[in-house]
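Heads up, the thing below is written out as structure tokens.
The values are calculated or read from the model by the stated rules, or taken from the named source; none is laboratory data. Since this is a predicted model, take the numbers as computed values, not measurements. All Cβ positions, even for glycine, are placed from backbone atoms using ideal geometry, and neighbour counts span all protein chains on display. Just the protein is used for accessible areas: all its heavy atoms, side chains included, with ligands, DNA and RNA removed. Shrake-Rupley method; radii C 1.70, N 1.55, O 1.52, S 1.80 Å.
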Amino acid sequence: MSIKVKMELVANSGIFITAGDSTILLDGIFGENPFFSQPVSEMQKAVFGMASKFKDINYLIFTHRHMDHFSSMYLDEYISNNEVKKVYIPRLKQETNSLEDKNSLLSLTSIVKVEEYYIPFGKYHKEELTQNCTLTYFRSVHMGGGEYQDTRHYTIMLTIEEKNYIFAADADYMVKNFEAIKDIPNLAAVFINPLFFTNTKGQNILDNLKPERVVIYHIPFEDEDKMGLRKLVKRDILKYKDKPYKIIALTEKDQEI
């Protein structure tokens, strides 16, 4: 009997996943940042140990340490106040950029639960989280050029009962970022940001991957959209409406797929 899988937007690239009895959070504990949505109240309640649907999440996974994806301070609090099995955070390099949270976790509880991972380009790491769910991560170049190119950024793939879900976060739309998964079968969904979706090279990658669904995320909520990304997404969904995959835009708090 298949397990029930639910995926829910927290904010930015934060996705809360329920797979049967297990829970996973990707990029969902982050701090205040200048460009995207701010931490949501329901997550903040869980961070400080109050009643919340986000309490006691089993696995916390982060693609990179930019402040709109990750907060060391809030993660420290969350691990101290919740029952967590394991946390995956990219290991910092010595030279970091201005948007990265460079702080160390201070709580002994946090340190014991955290795996700071590092995988070079061209390699990948796979491990079983539960009987029905496998985590795979591999290095990918962060989009934006300049100082962002050196960010230790990873693309995440979750395999849940043989269906694959790719979370690209801020991965650039260069072909080498997706070489490791170019022939992946049973691709249920690819999660990409609006700048990836609007780019011709990004569209070519999606055409080659042949997912069942393309999910656009990392879209600010309406009252926080300083860059007009919501308008861009709406336009591009119309532009690419005849693509063979289903297009879903995650734009509202608690929105589910």
Among SER52, SER2, which is the only one that is more than 11 Å from the chain's Cα centre (by Cα) and at pLDDT below 95?
SER2
Every residue from segment 1-17 that is surrounded by 18 or more Cβ atoms within 10 Å (Cβ to Cβ) and polar (S, T, N, Q)
ASN12, SER13
Which of (1) outside any loop (DSSP other than H, G, I, E, B); (2) out of contact with any helix residue (DSSP H, G or I) (no Cβ under 7 Å at 6 or more places or on another chain); (3) open to solvent by less than 10 Å² (accessible area, probe 1.4 Å) does ILE166 not meet, given it meets every other one?
(2)
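If you go through segment 46-67 one residue at a time, how many are touching a residue at least 60 places away in the same chain (Cβ under 8 Å), part of a loop (DSSP other than H, G, I, E, B) and either surrounded by fewer than 23 Cβ atoms within 10 Å (Cβ to Cβ) or among the hydrophobic types (A, V, I, L, M, F, W, C) (or both)? Walk me through how you get there before you give the answer.
Residues of segment 46-67 touching a residue at least 60 places away in the same chain (Cβ under 8 Å): 58-59, 61, 63-66.
Subset that is part of a loop (DSSP other than H, G, I, E, B): 58, 63-65.
Now drop any that are not either surrounded by fewer than 23 Cβ atoms within 10 Å (Cβ to Cβ) or among the hydrophobic types (A, V, I, L, M, F, W, C) (or both), which leaves 58.
So the count comes out to 1.
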Looking at (1) of a type in the set (A, V, I, L, M); (2) closer than 26 Å to ARG235 by Cβ; (3) out of contact with any helix residue (DSSP H, G or I) (no Cβ under 9 Å at 6 or more places or on another chain); (4) part of a strand (DSSP E or B), can you tell me which one VAL190 breaks?
(3)
In segment 109-132, which residue that is in a strand (DSSP E or B) and open to solvent by 70 Å² or more (accessible area, probe 1.4 Å) is nearest to LEU99 (Cα to Cα)?
GLU116
Does segment 75-83 contain any residue that is hydroxyl-bearing (Ser, Thr, Tyr) and assigned to a loop (DSSP other than H, G, I, E, B)?
no
Working carefully through the options ASP254, ASP242, find the one that is within 16 Å of the chain's Cα centre (by Cα) and charged (D, E, K, R).
ASP254
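Go over the candidates LEU135, LEU158, LEU106 one by one and state the one that is exposed (fewer than 13 other Cβ atoms within 10 Å of the Cβ) and in contact (Cβ under 8 Å) with a residue 24 or more places away in the chain. Let's see the steps before the verdict.
Details: LEU135 fails: exposed (fewer than 13 other Cβ atoms within 10 Å of the Cβ); LEU158 fails: exposed (fewer than 13 other Cβ atoms within 10 Å of the Cβ).
On inspection, the qualifying residue turns out to be LEU106.
So, ILE184, is that one part of a loop (DSSP other than H, G, I, E, B) and open to solvent by less than 40 Å² (accessible area, probe 1.4 Å) or not? If you could, list the steps in order and put the result at the bottom.
Details: part of a loop (DSSP other than H, G, I, E, B): yes; open to solvent by less than 40 Å² (accessible area, probe 1.4 Å): no.
Criteria not met by ILE184.
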From the residues in segment 18-30 that are open to solvent by 10 Å² or more (accessible area, probe 1.4 Å) and out of contact with any Leu (no Cβ under 9 Å at 6 or more places or on another chain), which one is nearest to GLU252 (Cα to Cα)?
THR18
Whichever residue in segment 207-224 is in contact with a helix residue (DSSP H, G or I) (Cβ under 8 Å, 6 or more places away or on another chain) and open to solvent by less than 10 Å² (accessible area, probe 1.4 Å) and, among such residues, is nearest to ILE166 (Cα to Cα):
VAL214
Out of ILE166, ILE237, ILE247, I need the residue that is within 16 Å of the chain's Cα centre (by Cα) and either of a type in the set (A, V, I, L, M, F, W, C) or under 30 Å from GLN131 (Cβ atoms) (or both). Which one?
ILE166
Qualifying residues in segment 225-257 (those that are open to solvent by 50 Å² or more (accessible area, probe 1.4 Å) and in a strand (DSSP E or B)) - the one farthest from GLN38 (Cα to Cα)
LYS246
